[in-house]
Amino acid sequence: MMPTVVMPNTIESLFAQNIHRRIEEVIKVDQTDDQILADEISEYVATDSICKWFEQILDVYKETPNKPHEGVGVWISGFFGSGKSSFAKLLGLALENRLVQGDPAGKRIGERTKSKKIQTLLAGINELIPTHAVIFDVATERGILSPNQRLTRSEERRVGKECRSRWSPYH
């Protein structure tokens, strides 16, 4: 006798998450809304290749206090839609380790990768290396500003948001 196969009633029932939820069309590296960040982390798919790159960057970053040098940036390039912004944003959040809905981002992202090595590297980095990540999309203002001007403008926006959220009764 053949086992009975139960077929789902609808296509919707095949999905693990609510298909009617809001899904951001484009990852914005300067997006700071807690719910959006939590959703981006929980829905991130850390492939073997992505985990390899996380490990390589985190291994070098962890050694920085012992081997100081001038190179303090990471350049991420790839084709349109390849996940550059997601990777950069999550790497920055993990290193900065800001709280996302009450939990440290580094812990959340480490758990999402399911890599013990990444979890261990992030725990060590977050404990020993205070980090402020500066992430910006070079293409956003291409042709208008120089790279230094884009970096300055990115920092001005970030600091302005922090100041408004800390001292303004309206934010």
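Fully extended, how many nm does the chain gain between Leu99 and Asp33 (0.36 nm per residue separation, minus their Cα-Cα distance)? Let's see the in-between values first.
Numbers: separation 66, 0.36 × 66 = 23.76 nm, distance 1.14 nm.
Extra length from Leu99 to Asp33 when fully extended: 22.6 nm.
Indicate the gyration tensor shape class of segment 1-54 (rounded, prolate or oblate), computed on the Cα atoms with a ≥ b ≥ c the square roots of the eigenvalues: a/c under 1.5 is rounded; otherwise a/b larger than b/c is prolate and the rest oblate.
Values: a/c = 4.17, a/b = 1.77, b/c = 2.36.
It is oblate, given that a/c is not under 1.5 and a/b is not larger than b/c.
Could you work out what % of the accessible surface of segment 1-135 is carbon and sulfur, using a 1.4 angstrom probe and leaving DNA, RNA and ligands out of the count? All intermediate terms of the calculation are to be shown ahead of the outcome.
Details: 5620 of 9580 Å².
The nonpolar share, carbon plus sulfur, comes to 59 percent.
At 1.4 Å probe size, what's the solvent-accessible area of His132? Round to the nearest 10 Å².
80 Å²
Using the eigenvalues of the Cα gyration tensor, what equivalent ellipsoid semi-axes result for segment 37-91 when each is taken as the square root of five times the eigenvalue, whole Å, largest first? Walk me through the numbers before you get to the answer.
Working: eigenvalues 109, 34, 24 Å².
They are 23, 13, 11 Å, listed largest first.
Take segment 1-144, drop everything but the C-alpha atoms, weight them equally and run the Debye formula without solvent; then report log10 I(q)/I(0) at 0.11, 0.12, 0.22 Å⁻¹ to two decimals.
Debye intensities relative to I(0), on a log10 scale: -0.49, -0.57, -1.53.
Can you send over the solvent-accessible area of Ser77, 1.4 Å probe, protein chains only, in Å² to the nearest 10?
Rounded to the nearest 10, that gives 90 Å².
The values are calculated or read from the model by the stated rules, or taken from the named source; none is laboratory data. Please read all numbers here as calculations on a predicted model, not as lab measurements. Surface areas here come from the heavy atoms of the whole protein model, side chains and all, with no ligands, DNA or RNA. Shrake-Rupley method; radii C 1.70, N 1.55, O 1.52, S 1.80 Å.
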